[in-house]
Amino acid sequence: MKNFCFFVVITIYLMTPCIHCFADTVSENEVQASSENELQPSSKSDSDPLSENNAQPLSESQVQSTPGIEPQTLTENQVQSLSKESHSMNQKVNLHMNGLQEVLNECMQYEDLLQEMESGLKELYIKAALRKKKSDGELVPETKTVSKAKTQAALKPKGLGKWWLRNALTYDPLPSKVLNHFEFSYSFTRMTGNMTVDKHLIKNWLVTRYKRMTSYLNYSFDKRTSSRASDYYADGQIIETNLELRKSTKHLVSEEIRFAILKQLYSAVGFMYEEDDFISLDKRITTYLGFGARPIQTKGFMFKFFAAFGHENKDYTEDYHEMAGYFTKEERSVLLPDYDTDTVKSDIFYCDQNIRWSITDNLSFNEAFMTFIQTDDTDKYRWILDLGLEFQFTKHFTLMLNYNETFDKAMNPLMGRKRDTSKNVMLKVVF
């Protein structure tokens, strides 16, 4: 028993240093592993370099319990290294953030600049459109930048151009006020000598418009007196006299009311009243109803066409009936085949065609052609051709060269010739 105890004591004594060495080695490995796990950043710190709390220094007890390690040395170096890396990462992140902020600021500046440019382009486009509309004589349209009050203020005759030559619906919106236009022209011819001629020609034209409705009122007065020398000898001297060749007075009144249906289409109702004592016409009243169109309507050129059906009443003067009384029935059937003591009534087809060409701003050419055809006998018709060249030398005064020709196929030989022409130089006043 004493030998066994002695053997155990000797064995413990000999194994104690080995156990101490093994324990020291194991302790040292645990300390190193613990230090690496605490000092190295985790996976979260890899994604967030700004976190500095992941690197914690070793506790004092751990350092003291670990043999072979000097206190404070390992922790300070690693902390300083991690601090430098974190600081450099913060600097890089700050640089990137500053760059992104500058880019965002520049983008906002560019966006503001683009908005300003867009608004400026819109204003330029509107101004250009307004100038074009005004130069074309059209109505200024209502836009977002033009208030309705200003648009209504622009609906004055000054801003509508030659509105009396255009369809009312070519203006949008329609003028709300009553528009008026008046023209007066006069021509006088005087000739003396072997021929004595006096000729007065007056034309008036009044146009009134309210929205879609337009009234065209015309009046013309034509007075002609012509004679030739018819001298004779009496009491030792020559007596100068004139033999009257023609003396006539002609009145023509016409009224037409048009209603605009489309920009190029309108309907119209009208009447004409005519007196001409030279052809023994006491009165001729014509009424009609039809449709017209302006297929071509530009700033410098206008073409208008109108067609209608109507009715005509015609009465002759008393001198005409007195002259017819000198002939027998057979003679009247030859000389006056259409003679009737009562009012002559007939249905007619009426056609009116107009052309206006503005050669320059002050020079224009006008053409008008009207024809009347009896529906029961198409061989009985008449037409009127009027050509004019106008030169506007002031705002209200225009000089006109006019050519007029009329032809009446149904004219009786005793009443006059079928064709009649005239050339005039006229002065027109426009208001």
Please determine whether any residue of the stretch 220-227 is acidic (Asp, Glu) and surrounded by fewer than 16 Cβ atoms within 10 Å (Cβ to Cβ). no
Residue list for the stretch 299-347, restricted to those being of a type outside the set (Gly, Ala, Ser) and in a helix (DSSP H, G or I): Glu318, Asp319, Tyr320, His321, Glu322, Met323, Lys329, Glu330, Glu331, Arg332, Val334, Leu335
Quick check on Arg419: is it at pLDDT 90 or above, among the charged types (D, E, K, R) and within 29 Å of Leu245 (Cα to Cα)? no
Within the stretch 117-148, take every residue that is in a helix (DSSP H, G or I) and closer than 29 Å to Ser215 by Cβ and give me the one that is modelled with the highest pLDDT. Lys133
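For (1) part of a strand (DSSP E or B); (2) of a type in the set (Val, Ile, Thr); (3) more than 25 Å from Thr398 (Cα to Cα), each residue gets a yes or a no:
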{"site": "Ser185", "(1), (2), (3)": "yes, no, no"}
{"site": "Asn204", "(1), (2), (3)": "yes, no, no"}
{"site": "Tyr219", "(1), (2), (3)": "yes, no, no"}
{"site": "Arg224", "(1), (2), (3)": "yes, no, no"}
{"site": "Leu243", "(1), (2), (3)": "yes, no, yes"}
{"site": "Val253", "(1), (2), (3)": "yes, yes, no"}
{"site": "Phe259", "(1), (2), (3)": "yes, no, yes"}
{"site": "Leu262", "(1), (2), (3)": "no, no, yes"}
Testing Met400 on (1) out of contact with any helix residue (DSSP H, G or I) (no Cβ under 7 Å at 6 or more places or on another chain); (2) within 26 Å of Ser280 (Cβ to Cβ), one condition comes back false. Which one is that? (2)
Just to be sure, is Ala234 loosely packed, with under 14 Cβ neighbours inside 10 Å, within 17 Å of Asp198 (Cα to Cα) and out of contact with any Ser or Thr (no Cβ under 6 Å at 6 or more places or on another chain)? no
Filtered residue count, the stretch 294-328, keeping only those that are surrounded by fewer than 18 Cβ atoms within 10 Å (Cβ to Cβ) and among the hydrophobic types (A, V, I, L, M, F, W, C): 8
Within the stretch 352-403, track down each residue that is farther than 15 Å from Lys203 by Cβ, surrounded by 15 or more Cβ atoms within 10 Å (Cβ to Cβ) and hydroxyl-bearing (Ser, Thr, Tyr). Ser358, Ser364, Thr371, Tyr381
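Give the residues of the stretch 358-392 that are charged (D, E, K, R) and outside any strand (DSSP E or B), sorted by residue number.
Those that are charged (D, E, K, R) and outside any strand (DSSP E or B): Asp361, Asp376, Asp377, Asp379, Lys380.
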Asp347 vs. criteria crowded, with 16+ Cβ neighbours inside 10 Å, at negative phi and in contact (Cβ under 8 Å) with a residue 24 or more places away in the chain: no
Confirm whether Lys199 is modelled with pLDDT of 90 or more and in a strand (DSSP E or B). no
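The values are calculated or read from the model by the stated rules, or taken from the named source; none is laboratory data. Quick caveat: nothing in here was measured; it's all calculated off a predicted structure. Cβ atoms come from the backbone with ideal geometry, glycine included; neighbour counts cover every protein chain shown.
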